[in-house]
Amino acid sequence: MNIFHVIILAIIEGITEFLPISSTGHMVIASSLMGIDKDDFVKLFEIVIQFGAILSVVVLYFKRFVRSFDFYVKLIIAFIPAAIVGVLFKKKIDLLLESPVVVAITLLAYGILLLFVDKWFNKVEVDDSNKIPNGTAFKIGLFQCLSIIPGTSRSAATIVGGMTQKLSRTAAAEFSFFLAVPTMFGATVKALWDYKKEHAVLFAGEQLKFLVIGNVIAFVVAMLAIKTFITFLEKRGFRLFGYYRIIVGIVLLVLYSVGQFG
C-alpha cells in the first residue's frame, strides 16, 4: 500500500459512506483492482477510515449529540442488533469482504430494490428524527444487520428501514447518519483489537501515517457528501442510486467473467 492507494480509498470512503451505494463494497472493488486486496493492513485501513467519515456527522449535527440523554438511548437500542450479529458472524463477514463477486451481486440486487422504495414507502408519519420511538429505532437496527453483506450499504439498509416505519426520507437519513457513529466506532475498535492480536505490532512503518491521512481525507469528503446527499434525497429520492448500483453491478460481473479481478 502506498500514499496513492490511501488517497483513493479515503476519497471513496468519504463519498460513499452515507450514500446508499455501499462504501465497503466500493473499497473492496477498488482495492481488488489496485491489487492490494490481500494485504491485512488494507483490510484494517478500509474499516478504520470509516471513523473519520463518522466524525463528520458529529461535527455537522453537534447540537443533536449534546441535546438529550434520550437521543443516546435510541442509538444504543438501534445499535444492539448489528453489534450482536457482527460478533457472532465476524469470520464469515471477513470471507465475504474478500469477494468482489458478492459485492457485484449485492449491488445489483439492492439496486433493483431502490428503484421502487420511493413508491412503496411513501406514507409519512414521522418527519423529525428527534421523534423516532424506541421501538422504531430497534426495527431500524434490525435492518442495519443486512449491511454485514458487502455491497448492501449500511445507509441504504437503515434509511429504507426507517421508511418502512413511515419516517420521511430526511428523518430516516439523519437517523442513519447518527446510527453510523456507534456502529462504525465499534467496528473500528474491534478491527484494531483483532489486528493487534494477529500481529506483533499494531502499526509498522508508514501505516500510522496512512491511517491519519486516510481519516482526515474521509472526514473532509464526507462533510461535503452528507450535505449534498440530504438535498438530493429530498428532491429526487432513490431511483438514480438504484440505476447506478445496477450499472456498476453488471459491469463488475462482466469484468469478473473476463478475468479482470477476483
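Taken together, the values in this text are just the output of simple stated rules run on the coordinates, not laboratory data. All values reported here derive from a predicted model rather than from experimental measurement. Cβ placement follows ideal geometry from the backbone for every residue including glycine, while neighbour counts extend to all protein chains displayed.
Odds and ends about this structure:
- Taking 7 Å steps out from each Cα toward its Cβ at Val58 and Leu142 produces label points 3.1 nm apart.
- Between Val189 and Arg67, full extension at 0.36 nm per residue minus the direct alpha carbon distance yields a gain of 41.4 nm.
- Here the label points at Val251 and Lys227, each 7 Å from Cα along the C-beta direction, are separated by 2.8 nm in the simple model.
- Here the translational diffusion coefficient of segment 8-70 follows from Stokes-Einstein with Rh set to the Kirkwood radius across Cα pairs; for 37 °C and 0.692 mPa s it amounts to 256 µm²/s.
- For the chain, dividing the convex hull volume of the Cα atoms by the residue count gives 115 Å³ per residue.
- Normalised contact order of the chain, rounded percent, pairs of Cα under 8 Å and 6 or more residues apart: 37
- 3J(HN,Hα) along segment 38-48, derived from phi through the Karplus expression 6.51 cos²θ - 1.76 cosθ + 1.60 where θ = phi - 60°, amounts to 8, 7, 4, 5, 4, 4, 5, 4, 5, 8, 5 Hz, with x in place of Gly and Pro.
- FRET efficiency estimate (nearest 0.05) - Cβ-Cβ, Val212 to Met34, R0 25 angstrom: 0.75
- Each residue, Asn134 and Leu113, gets one label point 7 Å from its Cα in the Cβ direction; the gap between the two is 2.8 nm.
- Radius 15 Å from Cβ of Glu125, net charge of other residues (Lys, Arg +1; Asp, Glu -1): +3
- Derived scalar couplings ³J(HN,Hα) [segment 232-246; Karplus, 6.51 cos²θ - 1.76 cosθ + 1.60; whole Hz; x for Gly, Pro]: 5, 5, 4, 8, 10, x, 9, 4, 4, 5, x, 4, 4, 4, 4
- Charge tally for Gly52 (other residues, Cβ to Cβ under 15 Å; Lys, Arg +1; Asp, Glu -1): -2.
- Within straight-line cross-link reach of Lys123, lysines at Cα separation under 23 Å, skipping those fewer than 8 residues along the same chain: Lys74, Lys131, Lys139, Lys166, Lys235
- Given charges at Cβ of Lys, Arg, Asp, Glu: segment 128-232 dipole, positive-most of Phe138, Gly186, Gly151: Phe138
- Span from the segment 1-78 Cα centroid across to the segment 202-262 one, whole angstrom: 9
- For segment 49-64, 3J(HN,Hα) per residue [Karplus equation, 6.51 cos²θ - 1.76 cosθ + 1.60, θ = phi - 60°, Hz, x = Gly/Pro]: 6, 5, 5, x, 5, 6, 4, 5, 5, 4, 5, 5, 10, 4, 4, 5
- Across every pair of non-identical alpha carbons in segment 1-123, the mean reciprocal distance, once inverted, gives a Kirkwood radius of 16.6 Å.
- Gain on full extension, evaluated as 0.36 nm per residue between Arg236 and Glu198 minus their Cα-Cα distance, stands at 9.1 nm.
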